[in-house]
Amino acid sequence: MPLEIKKVGVIGAGQMGNGIAHVCALAGFDVVLSDQDPDRVRSGLATINGNMAKQVSKGTVSEDDRQGALKRIATATAVDELADCDLVIESATEREEVKKKIFAGVCQVLRPDALLASNTSSISITRLGASTDRPERFIGIHFMNPVPLMELVELVRGIATDDDTFESAKVFVTKLHKTYAVAEDFPAFIVNRILLPMINEAIYTLYEGVGSVDAIDRAMKLGANHPMGPLQLADFIGLDTCLAIMQVLHEGLADSKYRPCPLLVKYVEAGWLGRKTQRGFYDYRGEKPVPTR
């Protein structure tokens, strides 16, 4: 039988993790927001509080709902505190070895019937699931960024994911008032399989001198009616994450069309990762973003 999910653990209190905790708490789930860095946990909780306050000011959430949701969120720095969760969602950095290390730890404390999920945006769910003690109870639940605003969630079954786990995940996502799209377990799934090569091509366009940062973003916003230019979007996602996804595509599909642009590699090597480091294709240190090329 599908598992009734009442308590959700989220591993990783960064941008995606705190967003997942946010929507779970608002939907009535008890939540444990976990991160080994206490400062990141405090920052994540403050972000949730601030984002919920914005929802209250816009009238999309009541103050009572905000207060109730915040009371449902507990924080943790030790994996033991996830032991009684029905579902644990990993939302760490997009590096396979990091995710597998997390799973090795959490599997030691989870109940045998508990579900385990990854918010990975590109890595094989089959491979990640095989590294755990419960591949049949492992699934990809890929939220879009920013989680509180974006409606879509990609559900990705590994080869061993059983039907009960899949059904439980569908019910869970529906209770979050999200819409799911089922993706097969191929590198980068659906959204990033299409989106990231477009962003990578925009970076090649900059690299080859076809247009400036401003010209490329303006062209795609006004010429293709995109709400955000591809280079601005890359900064928002994080250039390190963009590079990691392109590397998964390039290695997993063995096609040269997915080769990461050398300029993207240079920016990541420089530590210019976008908004989170205040520099990427734009410099965010002043009053308004300024193109860096």
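Would you pick out the residues in the stretch 171-218 that are closer than 18 Å to Met144 by Cα and of a type in the set (Lys, Arg)?
If the condition is that a residue be closer than 18 Å to Met144 by Cα and of a type in the set (Lys, Arg), then Lys175, Lys178, Arg193 are the ones that fit.
If a residue counts only when it is not charged (D, E, K, R) and not assigned by TED's automatic domain parsing to the domain that holds Lys175, which strands (runs of 3 or more DSSP E) contained entirely in the stretch 63-165 have at least 3 such residues?
Of the strands (runs of 3 or more DSSP E) lying wholly inside the stretch 63-165, none has at least 3 residues that are not charged (D, E, K, R) and not assigned by TED's automatic domain parsing to the domain that holds Lys175.
Kindly indicate which of Asp185, Asp163 is out of contact with any Phe, Trp or Tyr (no Cβ under 9 Å at 6 or more places or on another chain), among the charged types (D, E, K, R), free of Cβ contacts under 8 Å to residues at least 40 places away in the same chain and under 30 Å from Val31 (Cα atoms).
Just one listed residue meets the conditions, Asp163.
Take Glu97 and decide whether it is under 26 Å from Leu128 (Cα atoms) and surrounded by fewer than 18 Cβ atoms within 10 Å (Cβ to Cβ).
yes
Consider Gln55 carefully, then state whether it is assigned to a loop (DSSP other than H, G, I, E, B) and touching a residue at least 24 places away in the same chain (Cβ under 8 Å).
No: the conditions fail for Gln55.
Can you pull out the residues in the stretch 131-159 that are surrounded by fewer than 24 Cβ atoms within 10 Å (Cβ to Cβ), among the small types (Gly, Ala, Ser) and under 16 Å from Phe186 (Cβ atoms)?
Result: Gly158, single match.
Scan the stretch 276-287 and give yes if some residue there is over 20 Å from Val191 (Cβ atoms), among the basic types (Lys, Arg), modelled with pLDDT of 95 or more and in contact with a strand residue (DSSP E or B) (Cβ under 9 Å, 6 or more places away or on another chain), otherwise no.
So far as the stretch 276-287 goes, yes, one or more of its residues are over 20 Å from Val191 (Cβ atoms), among the basic types (Lys, Arg), modelled with pLDDT of 95 or more and in contact with a strand residue (DSSP E or B) (Cβ under 9 Å, 6 or more places away or on another chain).
The values are calculated or read from the model by the stated rules, or taken from the named source; none is laboratory data. Every value quoted in this text rests on a predicted model; they were computed, and no experiment measured them. FYI the Cβ positions are ideal-geometry reconstructions off the backbone, even for glycines, and counts take in every protein chain you see.
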